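One structure is given below, encoded as C-alpha cells.
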Amino acid sequence: MAGISIRGLSKSFSSRDSDVAAVADVDIEVKDNSFVTLLGPSGCGKTTTLRLIAGYITPDRGTIEIDGRPLSSPGSVVPPERRGMGMVFQNYAIWPHKNVFENVVFGLKIRKLPSASARRKVEEALALVNLSGLETRYPSELSGGQQQRVALARSLVVEPDILLLDEPLSNLDAKLRERMRLELKELQLRTGITFVYVTHDQAEALALSDQIAVMNLGRVQQYGTPFEVYAHPANRMVADFMGLVNLVPGKVRERSGAGGVVEIAPELTVKVDALDAFAPGETVEVAIRPESIRLAASPVPGGTWATISNHVFLGNISEYFATLASGLTLRVQTHPLQQLKVGEACTIEVDATHCSVFRAGAGEAKAA
Amino acid sequence: MSTDVMSTTLRPRLAPRRPRTWLRLEHVVMGGAIISLIVLVVLPLAFLLIGSFKGADGVTLDAYSEVLTGRLYVNALKNSLLLGAYSGLFSLLIGLPLAWAVARTDVPAKPLFQITATLSYLSPPFLTAIALTYLFSPNAGLSNVLMRDVLGMPWLTFNIFTMPGLVLVTVMHTFPFVYLLASSALQSVDASYEEAAQILGASKLRTAFLITAPLVAPAVLSGTLLAFVNAIALFGSQAIIGLPGRIVTLPTRIYALFDYPPEYALASALSLVFILITVAALYLQNAFLKRRSYVTLAGKGSRPQMMQLGVFRWVLLACVTIVFFVSIVLPYATLIAVSFSKSWGLEFWKNITLANYKFVLFEYNVTQRAILNSLVLAFVAATLAVLMGAVIGWIDLRTKLPGRKLLDYASLIPLGLPGIVMAVALIQFWLAMPLALYGTLTILLLAYVGRYIPLGVRAANASLRQVDHSLEESAQILGASWTTTMREITLPLIRPGLFAGWLLVFVPVIQELSASILLFSSQSITLAVAVYNLYETGYIEPVAALAMINMLIIGAAIWLAYRLGGRSLTSRNDAAPVHT
C-alpha cells in the first residue's frame, strides 16, 4: 500500500499569448489506504493534478513521491507505464476492438502472467464488479454502467497500490451514479487501495472521501475531512462551492474572547464563535448555510421579523426566501412539513455556530 | 481481491525496467518519416526554385521575364485561366442544383444523382477525353460522320478540339467537387435553424435565401475553387483535346519545354507561376471552408425539411439523366465499343473482336510492362504514403515535438503542386544528385508518394482523431510500452481508416499521367503513359482496350474498398465510446 506526498507542485500550459498556470504550489499528503478527492469547478486544476500523479505530464516545479520514492520532479519523471498505478478515465477508455475479457486481461499480459492464473484473476476481478458472464461481450454491447465496471475491473486486476479516478461517474444517470458511489466506497474499503478521485460534484466528494482537497484557480483552497470543509470552510470560495450558502455582508460589532457579534442587517446580528482576525468596526462577509436558519410563524424571543417572498417545494426539504424589513433576503431550508405562505410574516433565527466569517472582498488563493 | 490474494508478481515496478537508451524505436520511426518528407517534397521544391534562377552565367531573372512576357507563355497562362474559370463556373451550375435536389427536395431516384457524381469523379479525365475524340473529332469522329454524311445535318456536328470541347471534358470530372461539398454542407445544416426562421414568419423561399444560402455559401465557393484548381492541373485532357486544337495550356507548355533541348530554367519558372496560381486558389478555398465550420458545429442535426417540387422534380431528374448519359454512358459505351471493334467506324458492330485485348495483354510487351509497373508502383506508393501519413499524423496529434505543425504543413504542400510541376521539381533535384534516378521506377515512386502523401496524412489524421487519447493512456498506465500500445491499441483502431487511405492513394496512382509523362522511360513506362503514347501513335482500337483494363483495375480497387471499408465501418466498434 502506498501514500502519496505532493509538494509545491506547479504546472503551466502555454496558450496563444501567455502561460496559464493550471496547477500552482499544490501540497497534498495522501495517507495510505485512504480515499482522497480533488474537488473543484471545471478548470480548477484537479484533472491536471491527477494526470501529474499518473505521470502523463511533467511538473514545472515541485515533486511527487510515493512512500518516499520520488516519481515526478521537473528533471525526471517515471513514465506512467512504470508507476504500477491504475486509472479510470471519465470516458472509461474501454478499447472498442477488444471484448471484456481482452480488456481486463491486458495489464496481466503486459506483466507476463501465465494464462491460467491470468484467467482466474480476470474472473475474480469481474466478479468483484458484478460482471461475471460478460467476458465475450464487446464494449458496444454494454450499458454505460457496465462499461464503467469494465474500466474498474481492468484497473483493479493488476492490483495497483494507487487507483486514480477521473470523474468516473459523471457519464451515468442519477440513479446509477448513486449506486456506483456506494460500490466504489465499499470497494475501496475492501481492497485497501489508495483512491485519488477527481470530481466537480460536492455531494459525491462528501459521500466518498476521507479527505477532500477543494481546488480553484490551480490552487488547493482547503484540504480536510468532509466535515471540516463543509462546516468550517477556509474561505468564501470553499463555502460557496460546498453547497448552498447565503453570503451576506456584515460589520463586526463587538469582540468577546475568541468570538464576537456581527451585524448583517440593522435588525439582525449573529454571535459567532471564531472571530480572531477581526477588530470591531471591520467589514466582513458572513456565510450562513440555509439549514442553519430556522423559521417560525409566531414571534420568538431574540428572533427577527421577516416576510416570505418566495417558496420552492423540493420534496425532502422546503426552501423559503425570507426578506427582512431592511431588504436583505435569506435562503432558508426547513422540514417539508413546515408550511408557510408567500407574503406571510415570520420570525427567523440564525444558528450562529455554523456561520463562517471572511474578510470582505477577500477572494480565494489565486494562481500567480 | 482482498489483500491476502495479492501476489508478488504484480508489485509495481517503480524502477526503470531497462536502462534508458537515447535512441528508441519511436524516435527512429519519427525521424525516418521527417527525413522522407524532406527528401520527397521540400528538397525538390527548393531545387525547383533555385533552378528557375539559373542562367548561362549565374543567377538571373531571364526565365521569369521570358515566362511573364513571351507570347507562348502568356497565351498558355491565359488559356489555363480561361479553362479554369469556365470549368469552375459550369461545375457550379451543374453541381449545386444536383446537390440541392438530393439534400433538400423530394426528387426521385436520388441514388442516381450520387452515382453520377461518384463515377464522374472517379473516371480518369484523359480516358473520357480519348473516348470523346472517337465520337467528336472533326473529320473521323463517329457522331460527326453520322450527322454530316449519313443524316445530312452538318449543323449537328461538334468539334471536340476546341475550348468548349476541353471545358466539356474537364467539367465532367470537376463538377463532383461542388456537388460533394455542397451536399455535405446542405445536409449538415441543422433543420432547427430553418425552423426557427419559419416560426418567426419567414416563408420557405426567404428562409432558403436568408438562412440556408449564407450557411452553405462558403462550402459551395470552396468546391468551385477546388474544381478550378483540379481543372487547370489535368495534363491528359489538355494534351489530348487541347494540342490538336492548338489550345496550349500551362501543363502542355511545360511538357513542350522538355523537347530536346530541354529548357530547365524556363520550365522551372513556369512551374512556379503555376504553383502560385494553384496555391492562391487553394488559400482562398481554405479560407472559405474555414468559415463554414459553424455549419458542422450544429450538433444533433435533425432531419432537414424536404421541399415538394411537384412537376419540377421530373425536370431535375431529366437533367441528371442527361449528365449521367454524357459523362458516364457515352464515354464508356464508346470505349467498350471501340475496344471490341476491328476498325472503328460507322459499321464497327459488323466486326466484333477480342484481338485488341489480346494484343495489349499478351502480344505487346510495352503494354504488358506498363500494366505490371503501374500495379507494383501503385501498391508500393499507396503503402508508403499511408505509413508515412500515419507517422506524421501521429507526431502532429500525439507528441509535443517542436515544429510538428510545420511538419503537418509540409506534408500538405503537394496539394498545391500540379503533377507535372512535381515532375519538374523531381527532375531538377535528382539531376543535381550523384544518383542516377532519372527514368527509373524509383523516381516515379518518389513522385507518387510525394504527390499523394497529403491523402495518407489526411486519412491517418482523421482516424487518429477518432481514437480518444485516453484509449492509449489507459494502456500506458497498465504498463504497456510505446511499441505495445501501438501494436495492441492504436494500429488496430485506425486500421480501417488507413486501409481506406491506402485505396485513396492506389486509385489515382494507377491512372497517374501528369507527373509520369515527364519521368518515364521505355523500361519504367506506366499504364496511363502507355495509353497516351498508343493514342498519340494512332493505335485507336488497342488504346480503348488498354483504357478498359485501366478502368477494370480501378473498379476492382473501389469495389474492394466498399466491401472491406463497409464491413469494418459497420462492425461492432462503431457504437463504442471512441468519440468523446
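Below are the figures for this structure:
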read-out	value
Accessible area of segment B:504-547 belonging to carbon and sulfur atoms, whole % at 1.4 Å probe	57 percent
In Å, descending, principal axis extents of the Cα set of segment A:185-288	54, 25, 24
Cα Rg, Dmax (largest Cα-Cα span) when computed across chain B, Å	26.5, 101
Within chain B: Cβ-based charge dipole about Cα centre, in debye rounded to nearest 20 (Lys, Arg +1; Asp, Glu -1)	1180 debye
Global geometry of segment B:440-557, whether rounded, prolate or oblate, following the gyration tensor of its Cα atoms and the 1.5 cut on a/c	prolate
Rg/Rg_globular for segment B:418-507, with Rg_globular taken as 2.2 N^0.38 Å and Rg from C-alpha atoms	1.50
Residue (of A:152, B:129, A:252) at the positive-pole extreme of the protein assembly as shown, dipole from beta-carbon charges	B:129
Surface share of carbon and sulfur [accessible, 1.4 angstrom probe, percent] for chain A	51 percent
Debye equation applied to the C-alpha atoms of the protein assembly as shown, log10 I(q)/I(0) at 0.04 Å⁻¹	-0.30
Buried solvent-accessible surface, both chains (A, B), 1.4 Å probe, Å² to nearest 100	4200 Å²
For residue A:20, distant residues with modelled amide H under 5 Å away	A:13, A:14, A:15
Cα-based Kirkwood hydrodynamic radius, segment B:180-286, one decimal, Å	17.0 Å
Calculated over chain A: convex hull of Cα atoms, volume per residue (Å³)	179 Å³
At least 15 Å along the helix axis (C-alpha) and Kyte average at least 1.0, DSSP helices within chain A	A:100-110
Net charge dipole size for the protein assembly as shown [Lys, Arg +1 and Asp, Glu -1 on Cβ; Debye, nearest 20]	1720 debye
Cα-centred dipole magnitude for segment A:4-240, charges only on beta-carbon of K, R (+1) and D, E (-1), debye, nearest 20	640 debye
Selected from B:532, B:31, B:320, residue furthest toward positive end of dipole (chain B; charges at beta carbon)	B:31
Cα extents of segment A:244-359 along the three principal axes, largest first (Å)	40, 25, 21
Dipole axis of the protein assembly as shown (+1 Lys, Arg; -1 Asp, Glu on Cβ), positive-most option in B:434, B:385, B:193	B:434
Test item: A:161-167 mean partner chain Cβ contacts at 10 Å	1
Taking chain A and dividing mean pair separation by its residue count, relative contact order in percent (alpha carbons under 8 Å, at least six apart)	16 percent
Residues of type lysines that residue A:109 reaches as a straight line, Cα spacing below 27 Å, ignoring anything fewer than 8 places off in the same chain	A:98, A:121
For segment A:117-274: Kirkwood Rh in Å [reciprocal of mean 1/r, alpha carbons]	18.8 Å
Debye log10 I(q)/I(0) for segment B:319-427, one point scatterer per Cα, at q = 0.19, 0.23 Å⁻¹	-1.06, -1.17
Average partner coverage of B:465-474, which counts Cβ from other chains inside 10 Å	5
Average Cα contact separation per residue, chain B, under 8 Å, 6 or more apart, as relative contact order %	19 percent
Kyte-Doolittle at least -0.5, axis length at least 27 Å by Cα - qualifying DSSP helices, chain B	B:71-104, B:163-188, B:213-233, B:264-291, B:365-398, B:441-466, B:491-510, B:540-560
Bins of 5 Å, starting at 0 and running to the largest distance - Cα pair percent for segment B:103-196	3, 12, 16, 15, 13, 12, 11, 8, 5, 3, 2, 1, 0
Surface accessible to a 1.4 Å probe, per residue, for the residues of chain B, Å²	46 Å²
Å² per residue, accessible surface of segment A:244-359 at 1.4 Å	49 Å²
Residue mean of other protein chain beta carbons inside 10 Å, A:272-279	0
Chain B, helix-only ellipticity at 222 nm - DSSP H runs n ≥ 4, -39,500 (n - 2.57), divided by all residues, nearest 500	-20500 deg cm²/dmol
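The values are calculated or read from the model by the stated rules, or taken from the named source; none is laboratory data. What you see is a predicted model, and the numbers here were worked out from it, not measured in a lab. Don't worry about glycine lacking a Cβ; one is built from the backbone with ideal geometry, like all the others, and counts go over all protein chains shown. Only protein heavy atoms, including side chains, enter the accessible area calculation; ligands, DNA and RNA are left aside. Shrake-Rupley method; radii C 1.70, N 1.55, O 1.52, S 1.80 Å.
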